[in-house]
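Input: a single structure, listed below in structure tokens.
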Amino acid sequence: RPAGDGGARARLGGEWDRLEGEASRHAATREEQDHYYVSKALAEISERPVAYAGLLVSKAVWTLQDEELRDTHSYYFFVEQWPLLRWLPTFGWLMGLAVIGIATTRSADRTWLLVYTAAVMATLVFLVLGTRYRIPLVPAIAAFAGAGVAALIEQVRAAQWQRAGVFAGVAVLA
């Protein structure tokens, strides 16, 4: 909804219970509930299209950021429980390296991964955004990040220090 922040904020016992029963309180049958909620969402969007566009931009940024979003399963809780997770690259590092991979792979080699990534991102941005919903992005991002690491290593092996520095700077900036 345009007034929200794009995250899954409704929780059991509160707003979730109010939302779940809303369709039936408006005399919608079980078969009509999806139509009720879609119509409600489209009405809110048509009332505030600029706010909705801003929300979509915000959700796109959230999708690609390093910080894990608040969700029912906290990534940070699991990091505390299993210290090995501290040593794994974060989403932001994968994204930075993926930018290099996308820029350095051949067009034919990256097309389907980019299509897949765009489809998952569109789903996240137009529907619900949460940590667990971002997981389908990881295989494609990891593949591109691997290509980015390979491109960086290739530049170092060839003693192309300036180009390697540019690649590393792009990864850090991204």
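Among the residues of the range 107-136, write down those that are over 22 Å from Gly54 (Cβ atoms) and modelled with pLDDT of 85 or more.
Arg110, Thr111, Trp112, Leu113, Leu114, Val115, Tyr116, Thr117, Ala119
What is the residue count in the range 125-139 for residues that are surrounded by 15 or more Cβ atoms within 10 Å (Cβ to Cβ) and either assigned to a helix (DSSP H, G or I) or out of contact with any strand residue (DSSP E or B) (no Cβ under 7 Å at 6 or more places or on another chain) (or both)? Write out each step before concluding.
Initial filter on the range 125-139 (surrounded by 15 or more Cβ atoms within 10 Å (Cβ to Cβ)): 125, 129-131, 133-134, 136-137.
Filter once more, so that each one left must be either assigned to a helix (DSSP H, G or I) or out of contact with any strand residue (DSSP E or B) (no Cβ under 7 Å at 6 or more places or on another chain) (or both): 125, 131, 133-134, 136-137.
Final tally of qualifying residues: 6.
If I ask for residues that are of a type outside the set (Phe, Trp, Tyr) and surrounded by fewer than 20 Cβ atoms within 10 Å (Cβ to Cβ), which ones from the range 110-119 would you list?
Arg110, Thr111, Leu113, Leu114, Val115, Ala118, Ala119
Suppose we filter Trp161, Trp93 for residues that are open to solvent by 60 Å² or more (accessible area, probe 1.4 Å), under 30 Å from Gly54 (Cα atoms) and either within 16 Å of the chain's Cα centre (by Cα) or not β-branched (Val, Ile, Thr) (or both); which single one remains?
Trp93
Just to be sure I understand, how many residues within the range 140-158 are loosely packed, with under 13 Cβ neighbours inside 10 Å, farther than 13 Å from Leu97 by Cβ and not charged (D, E, K, R)?
1
Restricting the range 5-53 to residues that are of a type in the set (Ser, Thr, Tyr) and open to solvent by less than 60 Å² (accessible area, probe 1.4 Å), which is modelled with the highest pLDDT?
Tyr52
The values are calculated or read from the model by the stated rules, or taken from the named source; none is laboratory data. The structure presented is a predicted model; accordingly, all values stated were derived computationally and were not measured. Note: ideal-geometry Cβ built from the backbone for every residue, glycine included; neighbour counts use all protein chains shown. Areas reflect the complete protein model, heavy atoms only, side chains present, ligands, DNA and RNA absent. Shrake-Rupley method; radii C 1.70, N 1.55, O 1.52, S 1.80 Å.
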